[in-house]
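The values are calculated or read from the model by the stated rules, or taken from the named source; none is laboratory data. What you see is a predicted model; the values in this text were computed from it and never measured. Here the Cβ positions follow ideal geometry from the backbone for every residue, glycine too, while neighbour counts run over all protein chains shown.
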Amino acid sequence: MDKRMKKILFLHGFFASGQCIPALALREAFDGLAEVLTPDLPRHPKAAIGFIRELIDREQPNLLLGNSCGSFYAQMIAPTVGIPALLGNPHFQMTEFLKKRIGKHEYKSPRKDGIQEFVIDEALIEEFAELEAIQFNSCNPDYKDRIWGLFGEGDTLAHFDPLFLEHYNRAFYFPGNHTPTADEVRSWYVPLAKQMLIEYTLSEK
């Protein structure tokens, strides 16, 4: 890695925030080694993608690192901006996930705006459906090795490694569930992220 401190943009899952356990564990693990940006993402997917793109333009991260819904976003954005991505337990069918959860919910970790309650409704599901239909449109041969997948063997919410491997080459597995613990982040996410930071830089664009 060059002398300039690298930046990692972490994209959290749907019920999470930038203060979730994986985000905190990543910031701790990379302290002094890389800057880990862990913003709160908008609930609506189109707004989230716009927010992420603006943040990328401003911060110029070297790596996108997602979990669940955040990986859904990272996969769509990474090839279009020339940044490699590590997808933790990517959820490529958010509509099916949300249809079973229509109604009022609370985020599982605190958000900076203080708003903890939100509603899943048909409009939100339809917005995800529009993106699902085009989510792999930006795939290209140059990115088959630049987007890596990390899958929990005990994940009961998302089982998309076969779909991932239709588009990308590098899949890894760890003995965990859908949302990684802090120890699992340190043991599995961090080493892969470090490897990607060494192999790929923005200068390769």
(request) May I ask you to verify whether PHE136 is surrounded by 13 or more Cβ atoms within 10 Å (Cβ to Cβ), more than 17 Å from ARG43 (Cα to Cα), modelled with pLDDT of 95 or more and not acidic (Asp, Glu)? (result) yes
(message) List pairs: first residue in segment 189-204 and closer than 12 Å to ILE8 by Cα, second residue modelled with pLDDT of 95 or more and assigned to a helix (DSSP H, G or I) anywhere in the structure, Cβ distance under 6 angstrom, at least six positions apart or on different chains.
(response) VAL190/ALA29
(message) Going residue by residue through segment 50-58, is there one that turns out to be closer than 22 Å to HIS178 by Cα and among the β-branched types (Val, Ile, Thr)?
(response) no
(request) Working carefully through the options ARG111, ARG146, ARG170, find the one that is touching a Ser or Thr at 6+ places or on another chain (Cβ under 6 Å) and within 28 Å of ILE21 (Cβ to Cβ). (result) ARG111
(request) Sort out which residues of segment 193-205 are surrounded by fewer than 19 Cβ atoms within 10 Å (Cβ to Cβ) and modelled with pLDDT of 95 or more, and write them in order of number. (result) LYS194, GLN195
(request) Identify, by number, the condition in (1) in contact (Cβ under 8 Å) with a residue 60 or more places away in the chain; (2) surrounded by fewer than 16 Cβ atoms within 10 Å (Cβ to Cβ); (3) under 17 Å from the mean Cα position of the chain (by Cα) that PRO79 doesn't meet. (result) (2)
(request) Taking LEU55 as meeting all but one of (1) farther than 20 Å from ILE147 by Cβ; (2) out of contact with any helix residue (DSSP H, G or I) (no Cβ under 7 Å at 6 or more places or on another chain), write down the number of the exception. (result) (1)
(message) Given the criterion surrounded by fewer than 17 Cβ atoms within 10 Å (Cβ to Cβ), of a type in the set (A, V, I, L, M, F, W, C) and under 15 Å from the mean Cα position of the chain (by Cα), identify the matching residue among LEU9, LEU87, LEU55, LEU63.
(response) LEU55
(message) Out of everything in segment 30-86 that is of a type in the set (Val, Ile, Thr) and either touching a Lys or Arg at 6+ places or on another chain (Cβ under 7 Å) or not in a loop (DSSP other than H, G, I, E, B) (or both), what residue ends up being nearest to ASP121 (Cα to Cα)?
(response) ILE49
(request) Would you confirm whether any residue within segment 148-162 is in contact (Cβ under 8 Å) with a residue 24 or more places away in the chain and either over 29 Å from LYS100 (Cα atoms) or β-branched (Val, Ile, Thr) (or both)? (result) no
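The rows are residues; the columns are (1) under 23 Å from CYS20 (Cα atoms); (2) more than 18 Å from the chain's Cα centre (by Cα); (3) not charged (D, E, K, R).
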{"site": "GLU59", "(1), (2), (3)": "yes, no, no"}
{"site": "SER68", "(1), (2), (3)": "yes, no, yes"}
{"site": "PHE72", "(1), (2), (3)": "yes, no, yes"}
{"site": "ILE125", "(1), (2), (3)": "no, yes, yes"}
